[in-house]
Amino acid sequence: MKLSIITTTINEPTEATIKFCHIAQKYSYKFCIVGDKNTPHCSYIDLMKKFSCLEYITPEQQESEYKDLSSNIGWNSIQRRNIGFVHCVKRYDSDIIATIDDD
């Protein structure tokens, strides 16, 4: 069974985010963070270098790969996590997807 964890955030990586990175790494889950316009992108790109389980989906990637969905959701919305659901099924063939908050 393939499990993924997703979230969206506008915060710097929190203690909860780091803990979920460790959990995902330990159990070979994928952890996808869906960025928004105000997300500190460099912080999550740097975090991906530390955790192979982590994928940060940039706004540019969302616009490129999921243009219609992205346009329908709009920016500055927690509903951007829906891109994470689609992404994990499409890219990782996830059977179970858990959605979390970073606080």
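If only the Cβ of Lys and Arg carry +1 and only the Cβ of Asp and Glu carry -1, the dipole of the chain around its Cα centre is close to 280 debye.
Reducing segment 34-81 and segment 3-20 to their Cα centroids gives an inter-centroid distance of 12 Å. Of the listed values (i) 14.5; (ii) 13.4; (iii) 15.4, grab the one calculated as Kirkwood radius over Cα pairs in Å from the structure here. It is the value labelled (ii). On the chain, 53 percent of the accessible area sits on carbon and sulfur atoms, based on a 1.4 Å probe. For segment 43-103, a simple Cβ point-charge model (Lys and Arg +1, Asp and Glu -1, everything else neutral) yields a dipole of about 100 debye relative to the Cα centre. Backbone amide hydrogens, once placed in the peptide plane, bring residue 6 within less than 5 Å of 32, 98, 99, 100, excluding anything fewer than 5 places away on its chain. Label-to-label distance, residue 46 versus residue 103, with points set 7 angstrom from Cα along the beta-carbon direction: 2.2 nm. Based on Cα contacts under 8 Å between residues 6+ apart, the chain shows a relative contact order of 42 percent.
With a Cα cut-off of under 28 Å and a minimum spacing of 8 residues unless on different chains, the lysine pairs in the chain number 27. Probing with 1.4 Å while keeping every protein chain in the model, the per residue accessible area of the chain equals 55 Å².
The values are calculated or read from the model by the stated rules, or taken from the named source; none is laboratory data. As the structure is a prediction and not an experimental result, all values here were calculated from the model. For neighbour counting, all protein chains shown are included, and Cβ atoms are generated from backbone atoms with ideal geometry for every residue, glycine included. With ligands, DNA and RNA removed, areas are computed over all heavy atoms of the protein, side chains included. Shrake-Rupley method; radii C 1.70, N 1.55, O 1.52, S 1.80 Å.
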